[in-house]
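Read the structure below first, then the notes.
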Amino acid sequence: MKTGLWFKTALALLLLLGYPAVMHWLLTASSWSHATLAWINLAQTVGMQTLLAWFFGHTLRPGHEPLIAQFARRIHGADYSPRIAHYARQATWAWTGFFIAMAVIPLVLFFTVSLATWSFFVNVISIPLLGGMFVAEYAARRYCLRGIPHVSILQSFTLYRDKKRAAGDGA
């Protein structure tokens, strides 16, 4: 393994294992109140969803290629068509809207319902909603792009990686 890969792997493991450990300590051993932790969780949730909305949405500005179109262009290569480009722009809008909603809903719930209800939405309901968005986008893609050869998610990652390497964008 390259040195950079070791560092990235160690950092990922630290984040993956460290975050739950810190949260467990905050909930059980720290003197922080559950209300304080709820505010931290709110900031984290809204911040992450807002960041994701920005990540997708800022590519929708005039003169920029939408994020999903960037992936589609790389995956489809010479087969990339205006029909795929149109769908990719609409899908980028859909994901941007989804992430905006996933930032606004917890914010509204935090101030209007019980902490338990808000927590249930943030910690339980939000993950199936994300999965549902993936399923809905997949179904919409299959419907809107009928007749265009389908590329599976695994093939997409492999094609994207291979074409990126071939273009000299990364090693």
Give the residue list of trypsin sites (Lys or Arg not before Pro) in region 57-166 that are DSSP loop and have at most 12 other beta-carbon atoms within 10 angstrom. Arg146
Of Ile75, Ile40, Ile105, the one that fluctuates the most in a GNM where the chain has Cα springs shorter than 10 Å: Ile40
Within the chain, what whole-number % of the accessible surface is contributed by carbon and sulfur, with the 1.4 Å probe and all protein chains included in the calculation? 72 percent
Just to be sure I understand the model, the point goes 7 Å from the Cα along the line to the Cβ. What's the resulting His150 to Leu107 distance in nm? 3.7 nm
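How much mean residue ellipticity at 222 nm does the chain get from its helices, if each DSSP H run of length 4 or more adds -39500 (n - 2.57) and you divide by all residues, to the nearest 500 deg cm²/dmol? Write out the running numbers ahead of the final one.
Values: 7 runs with 130 residues, N = 171.
After summing the helix terms and dividing by residue count, I get -26000 deg cm²/dmol.
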What list of ³J(HN,Hα) values in whole Hz, one per residue of region 89-94 in order, does the Karplus curve 6.51 cos²θ - 1.76 cosθ + 1.60 (θ = phi - 60°) give from phi, with Gly and Pro shown as x? 5, 5, 5, 5, 4, 4
Project the alpha carbons of the chain onto their principal axes and report the range along each, largest first, in whole Å. 59, 44, 28
What percent of all Cα-Cα pairs in region 75-153 falls in each 10 Å bin, counting up from 0? 16, 39, 23, 15, 7, 0
The rounded separation in angstrom of the Cα centers of region 105-130 and region 68-93 is 33 Å
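Which net charge results for the neighbourhood of Ile68, defined as the other residues with beta-carbon distances under 10 angstrom from its beta-carbon, given Lys and Arg at +1 and Asp and Glu at -1? Don't skip to the end; give the middle numbers.
Working: positive: Arg73, Arg89, Arg141; negative: Glu65, Glu137.
Here the charged neighbours net out to +1.
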Could you tell me how many degrees, from 0 to 90 and to the nearest 10, lie between the Cα long axis of helix 126-144 and the main elongation axis, the longest principal axis, of the Cα atoms of the chain? 10 degrees
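Counting only heavy atoms of protein chains, what accessible area per residue, in Å², does the chain have with a probe of 1.4 Å? Walk me through the numbers on the way to the answer.
Numbers: 11540 Å² over 171 residues.
Here the per-residue accessible area is 67 Å².
The values are calculated or read from the model by the stated rules, or taken from the named source; none is laboratory data. Computed from a predicted structure; not experimentally measured. All Cβ positions, glycine included, derive from the backbone under ideal geometry; neighbour counts span all protein chains shown. Keep in mind that these areas ignore ligands, DNA and RNA; they rest on the heavy atoms of the full protein, side chains included. Shrake-Rupley method; radii C 1.70, N 1.55, O 1.52, S 1.80 Å.
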